[in-house]
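Below: the structure, in structure tokens.
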Amino acid sequence: MRLRALAAAAGVVLVLAPPAAATTYSGTITFTGDDPSGATLSLHGAAATVALGPGHVSHAVVAVSRLLGSLRFAMPGRPKPLVFRLRAKGRRLVGTAQQGTAKATVSLRRGRTSADTRLGFFTGPSGPFEVMRTLREGFNERVAIDLRTGVFGAPRRGKRLPIRQEEVRFQSGKTTLAGTLTLPAGQGPFPAAVYVSGSGPTLREEAQYLGGYLVSQGVALLAYDKRGNGQSHGVYPGSLASPEAISIYADDALAAARFLAAQPDIDKTHVGLFGLSQGGWIIPLAAARATEAISWALIQGGPTVTQGESDYYGGIAGTWTGPLTEAEAQARANGPSGFDPMPSIRKLAIPMLWLYGSDDRAEPPDTSVSLLRQLLAESTRDFEIHLYSGAPHPLFSQAGFPSGMFGDVSGWLLAHRLTPGP
């Protein structure tokens, strides 16, 4: 009953699916100056089911008001709701959406139904799973991630889980960043994680791979579009891991963490950062800058070597036919240069989980693990390190994550009181 009361207060009706008589529209929502994203609207009486595409709110049922041929509805958001005002124009619904000062145009065509309405969190006979899709990561078709094992498979039917999502906007200095907050089932306050993406013009949906598992374990997740991409404002600093770019990204991650900590349903004493690849350089710098704000970190395939060593290794490892340890030796012999994450890592006393794949051809895994173990030998730190045999750089392939990895993550979360456990 408490969950229903909370949902009603937020304007959300907890139903599993619209009735068969629903009228469906699908199209785009485009915020001024930003990239368009998908939107599907199913109208059923005085309510509507809304899906906003990969990485965004996957399923929300909201009350609809109608007046003189127009309709209005509001989706929960932070710090302001996302308000739609639409009118019929032939077989289309057109109009605007607004969240605070951010304004968008909306154009939806009747009779269309996007497959993205099947994204989100479900449970079935074989247990819980997440159906996801990304735009830029090679999984343009929907895939189901088994939230017990990490195995990827074909989407299947299931009952939607009561996991809530909200569109959010927060400030990093003078720049507005946009993202999605995903809240586990229950009332909270929840431990929480900010996703810090790897290199490139990444969007919030990149976080879905491991982020969905964290949510299933009771950890709230904030994932945002990298500045200058998607719906986030600002100037994109580029993919090169220059000290200046890493510094900007670290400030953005800190801004996201502080935004999370200010939310009433988040446990501000257990806000962490998790990320992939270049995120492994950003996270230690962000955490070292604000030890009071970040209490834990989880890093996938994050290099502990310098930017120059990493780039040299990545340049030869892609076509390397011998043992990768030999390619790593060449990268070490080439010498360190560019951004160095070790000064920040040395400052950290927070619990950290480091995950690597032995077949990483973008970052040198054995060297990174060796540097961390040397650090552990020098002083006592709460670092846990796993190296998974045969796993690639992001730790997942078309088949999914390495066997046992989800169990390792679950055990670490439980040991550090970041999940309620079984």
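Figures for the structure shown
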{"item": "Number of the exception - Leu43 against (1) out of contact with any Leu (no Cβ under 6 Å at 6 or more places or on another chain); (2) not in a strand (DSSP E or B)", "result": "(2)"}
{"item": "Flag if Gly280 is outside any loop (DSSP other than H, G, I, E, B) and without any contact (Cβ under 8 Å) to a residue 24 or more places away in the chain", "result": "no"}
{"item": "Single match in Tyr236, Tyr249 (criterion: closer than 27 Å to Ile29 by Cβ and out of contact with any helix residue (DSSP H, G or I) (no Cβ under 7 Å at 6 or more places or on another chain))", "result": "Tyr236"}
{"item": "Every residue from the stretch 65-86 that is more than 30 Å from the chain's Cα centre (by Cα) and touching a residue at least 24 places away in the same chain (Cβ under 8 Å)", "result": "Ser70, Leu71"}
{"item": "Of all residues making up the stretch 191-227, the number that are assigned to a loop (DSSP other than H, G, I, E, B) and either at pLDDT 95 or above or polar (S, T, N, Q) (or both)", "result": "9"}
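To keep it simple, each residue is scored yes or no on (1) part of a loop (DSSP other than H, G, I, E, B); (2) modelled with pLDDT of 95 or more.
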position: Asn140; (1), (2): yes, no
position: Ala144; (1), (2): no, yes
position: Pro162; (1), (2): yes, yes
position: Val168; (1), (2): no, yes
position: Gln171; (1), (2): no, yes
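The values are calculated or read from the model by the stated rules, or taken from the named source; none is laboratory data. All figures in this text were calculated on a predicted structure; none of them were measured in a lab. Here the Cβ is made from the backbone with ideal geometry for all residues, glycine too, and neighbour counts use every protein chain on show.
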